[in-house]
Amino acid sequence: MNRELFGVFGGSETFERLRSSDEFDEVLHGSTVTVGIRDPDLGVPGWSATYAGEEGCCLIWGEIYVPDDDQNAARWLLEEYETDGANALAGLNGSYLAVVDSEQSSGAFVATDPVRSRECFYTDDPGVRVFGTDAAAVGRTLSDPTLHGDSLLEFLHLGVTLGEKTAFTDLCRLPMDSCLTPKSVVPLNRFVYRPREFDYVGELAERLERALQRRASLPGRKGLLLSAGYDSRIILSKVAGIEHSYTVGTPNAAEVRAAKRLASQYDAIHTAFRPDERYIRPEGSKTRYTHGIKESLHIHHAGYTDEIHVDTMYHGLLFDTFIRGHFTAENTVEVLGKPVPTGRLESDPNPVETLLKKFGYSREASLELAELLSFDIEPESFVRKAIADELESVRDRVNSMQNALSCVGIANQPSIPFHVQLSDNFLTPFLATDRELLDWHLRTPPEYRTTETFLQACQQIDPQILRHRPPDRPYDATLLNEVEGFVRRKTPFLASFESPWPNRELLFERHDLDRRLLADFEHVHTLPARHKLRITDIRGWLEYWSRSQIQSLPWLRPPESSVV
């Protein structure tokens with residue numbers, strides 16, 4: 001990877017036994033920790049920073065802002081930690097991992113941002129606690145790696161490995177909103193739901209503007225991954241100097257035509273990348289960003305990275321989750337026998353059922369998958385228990401079932417590889433993780449975390465933001481959009497709304513990926529394309545981890561061949 005953090009709770013000799021210092025731009029040596037960083041933008045304001053002095057050392061990896069616009073965020077954090085202890089972490093803002101080794105406190109720790117937007121993997125297998133941002137690099141320190149059966153099953157059935165698990169039993173990842181010490185994992189309390197009454201629209205508008213302003217000064221040529229939906233257009237509207245926007249889709253697709261109109265409205269060049277093999281094929285350079293725990297399919301732009309000529313890349317990822325209530329359970333009404341969302345929340349949701357739908361679980365596909373592979377586990381009960389366990393794990397952070405749904409969705413966000421790949425190749429602001437916006441999410445009751453609230457706030461910022469509406473959402477009211485979509489699908493000679501995403505099944509067949517990706521596993525060719533891509537993701541990531549081609553995996557064989 002282009003950017004990496006790797007460290008040990010130990011001295012230089014221990015570090016050098018596992019990695020060479022020559023692999024990193026800088027290595028910090030504390031009394032308790034030795035940590036290296038590789039980042040071509042190290043020291044850019046708003047990005048990765050290091051500091052070492054008599055009081056200790058500190059490293060912050062990723063996007064980071066601190067109060068008073070201190071030019072060295074790592075120095076600021078170490079100094080604040082000397083006086084305020086772990087409370088100093090509340091002053092950090094961004095998408096980051098922080099490593100602190102303080103001489104005064106005689107200890108060291110690694111802390112995630114409040115929502116774990118950047119993973120930290122760790123293991124004690126080498127006899128010392130090792131940690132890092134690349135699951136493969138940390139995983140290669142395992143002396144006798146064993147595949148984690150539950151992790152693989154969750155990934156295959158849900159598209160995401162839940163909780164703190166990874167592909168290996170002795171490799172873990174830090175939970176959301178926590179810190180790692182030499183001997184323990186300590187939960188923090190920055191991400192706890194405390195709803196209250198306030199001006200939800202007005203506050204959101206003000207916080208959005210400040211969050212955008214914070215991220216407007218990153219250097220170089222600026223670009224934006226632009227959809228025709230709601231989330232990225234506010235960035236295009238308010239960040240000056242965005243020269244180029246990019247959308248994946250055919251030139252005549254409704255999504256592309258609408259995105260092009262948006263780009264023109266705000267004087268940006270627009271490029272549409274045709275969805276071809278580069279979009280769907282999970283090459284090694286793409287699957288490594290999944291860390292073996294999430295789908296590469298979410299990295300829509302990965303195959304086109306070499307054609308994107310900007311230095312700073314913006315995106316609107318997770319606005320739907322933090323502001324628009326993606327994981328909350330909506331009330332529905334029956335329209336011609338089909339449930340249609342009303343735009344209101346369900347008063348008594350079934351949490352497991354809701355999350356299974358949100359994660360895209362397909363009962364039929366999972367039953368077929370279970371019959372084809374060598375896991376002797378009934379999928380329905382397995383995934384339901386896995387989801388129930390995650391709901392239990394966030395109980396101390398939430399005050400309602402609707403907030404529990406959001407919290408589990410955030411802690412296990414499937415689309416994070418989208419940001420991981422971008423931030424490895426560009427300076428990549430992650431607007432949705434702004435501390436003020438997270439605070440708005442935690443204080444706003446779920447019934448007000450809606451698309452309507454978001455759009456009202458955006459219109460306060462820019463009254464022209466909805467001049468060009470998303471092609472599949474012609475109305476302000478959610479129910480009207482859903483009803484028209486349903487009617488279009490059911491009425492002969494009336495064109496349906498186009499999907500904003502390319503057709504996976506069509507691309508999989510067009511590019512002969514059964515033969516090219518899974519020729520040695522013909523028994524899985526009947527599965528949906530998404531499940532076959534998950535299998536390919538796991539195989540590809542394990543090859544990246546081992547740095548050699550893996551010819552066979554026992555769990556991929558038909559049940560009669562092998563049982564795991």
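The values are calculated or read from the model by the stated rules, or taken from the named source; none is laboratory data. These numbers were taken from a predicted model, which means no experiment stands behind them. Cβ placement follows ideal geometry from the backbone for every residue including glycine, while neighbour counts extend to all protein chains displayed. Please note that ligands, DNA and RNA were not included when accessible areas were found on the heavy atoms of the full protein model with its side chains. Shrake-Rupley method; radii C 1.70, N 1.55, O 1.52, S 1.80 Å.
Would you check which residues across the stretch 71-90 are of a type in the set (D, E) and touching a residue at least 12 places away in the same chain (Cβ under 8 Å) and list them?
If we filter the stretch 71-90 for residues that are of a type in the set (D, E), which is where we start, we get 79-80, 82, 84.
The answer is E79, E82.
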Within the stretch 213-236, the count of residues that are open to solvent by 30 Å² or more (accessible area, probe 1.4 Å) and either small (G, A, S) or under 18 Å from W501 (Cα atoms) (or both) comes to 4
Wholly inside the stretch 314-432, helices (runs of 4 or more DSSP H) that include 3 or more residues that are among the acidic types (D, E) and closer than 18 Å to D150 by Cα are 379-393
For the stretch 279-315, enumerate the residues that are over 26 Å from L236 (Cβ atoms) and open to solvent by 30 Å² or more (accessible area, probe 1.4 Å). R281, E283, G284, S285, R288
When residues of the stretch 20-44 are filtered for being more than 27 Å from the chain's Cα centre (by Cα), surrounded by 19 or more Cβ atoms within 10 Å (Cβ to Cβ) and not small (G, A, S), how many remain? 5
Close pairs from the stretch 41-67: first more than 13 Å from Y81 (Cβ to Cβ), partner acidic (D, E) and open to solvent by less than 10 Å² (accessible area, probe 1.4 Å), Cβ under 8 Å, at least 6 apart: G46/E63; W47/D39; W47/E63; S48/D39; W61/D39; G62/D113
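Let's see how each residue does on (1) surrounded by 24 or more Cβ atoms within 10 Å (Cβ to Cβ); (2) without any contact (Cβ under 8 Å) to a residue 12 or more places away in the chain; (3) at negative phi; (4) among the charged types (D, E, K, R):
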residue: N403; (1), (2), (3), (4): no, no, yes, no
residue: V408; (1), (2), (3), (4): yes, no, yes, no
residue: A411; (1), (2), (3), (4): no, no, yes, no
residue: E436; (1), (2), (3), (4): no, no, yes, yes
residue: Q460; (1), (2), (3), (4): no, no, yes, no
Specify which of the listed residues (E522, E509, E543) is at pLDDT 70 or above and surrounded by 13 or more Cβ atoms within 10 Å (Cβ to Cβ). E543
With respect to V110, is the statement that it is outside any loop (DSSP other than H, G, I, E, B), over 23 Å from K385 (Cβ atoms) and in contact with a Gly (Cβ under 8 Å, 6 or more places away or on another chain) true? yes
When the stretch 438-458 is checked residue by residue, the ones that are farther than 20 Å from I234 by Cβ, in contact with a Lys or Arg (Cβ under 7 Å, 6 or more places away or on another chain) and open to solvent by less than 20 Å² (accessible area, probe 1.4 Å) are L442
